[in-house]
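Take a look at the structure below.
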Amino acid sequence: MHPRELMNEFTPWVEKYRPKKLSEVMGQTETVRRLQAYVDSKAIPHMLFAGKPGTGKTTCVLAMARELYADNLQECFLELNASDERGIDIVRGKIKDFARTLPLTNVPFKIILLDEADSLTTDAQQALRRTMEKYSSNTRFCLSANYSSKILEPIQSRCAVFRFRPLSDDEILQIVKNVAEKEGITLDDAAAKAIAYVAEGDGRTAINVLQGASIGGKAIKEKDVLVVSSRARPQEIGE
């Protein structure tokens, strides 16, 4: 097997099937429409994406960056996870080093994605606010948070705020059936509905459960989903 094929074989499905374009993002129709308008005009404000995990926040920022920068993505886009690198050093170090240089493309700004920004300490958020002000001419900050209430108001006021809703069961089913088809998996209706039940509006969880259930074979039944997710059938909970 070719090394690239081997790497693809072991890539988590949530990354393998992550939408590459805004038009491929499931749900969040109005948000996607507004973001696409930003990309088309190359006029993007600082943004705060708020909502539960697995609803498309990070995916939307990545898709925007790909459409804006194409082959220059690495030079113009920085992704950091605040939950991994809590504290003020992340703001004073990596962000400042990246933000202080000018982009060498026809897009007049770089983008910094700060994932799980609600994990940043108060001191780090204060430093981030000052950094946003200092480098606003050539850098746009996209903050992703599960809870917008944990983001300081002075930062929120500098951002266009987008709220991401949990995906509907129908949207989860569409995602799961699409991945199953591409992976050659047979998924009966009861199994698909069980994944939607377990996912609770989280697309990432849905795909992870599907991948976990597929380890036992290409034909997935409801019991496979419930075993891998350690959940009981809905009708059994009240018994």
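Throughout, read-outs are computed from the coordinates displayed, never taken from laboratory work. Model, not experiment: these values are computed from the prediction. FYI the Cβ positions are ideal-geometry reconstructions off the backbone, even for glycines, and counts take in every protein chain you see.
Here are the numbers:
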{"quantity": "Qualifying position, being among the aliphatic types (A, V, I, L, M), outside any loop (DSSP other than H, G, I, E, B) and touching a Gly at 6+ places or on another chain (Cβ under 8 Å), among 176, 228", "calculated": "228"}
{"quantity": "Any hit, segment 183-196, residues being under 26 Å from residue 115 (Cβ atoms) and surrounded by 20 or more Cβ atoms within 10 Å (Cβ to Cβ)", "calculated": "yes"}
{"quantity": "Residue match in segment 13-30 (condition: within 20 Å of residue 156 (Cβ to Cβ), buried (at least 16 other Cβ atoms within 10 Å of the Cβ) and over 17 Å from the mean Cα position of the chain (by Cα))", "calculated": "no"}
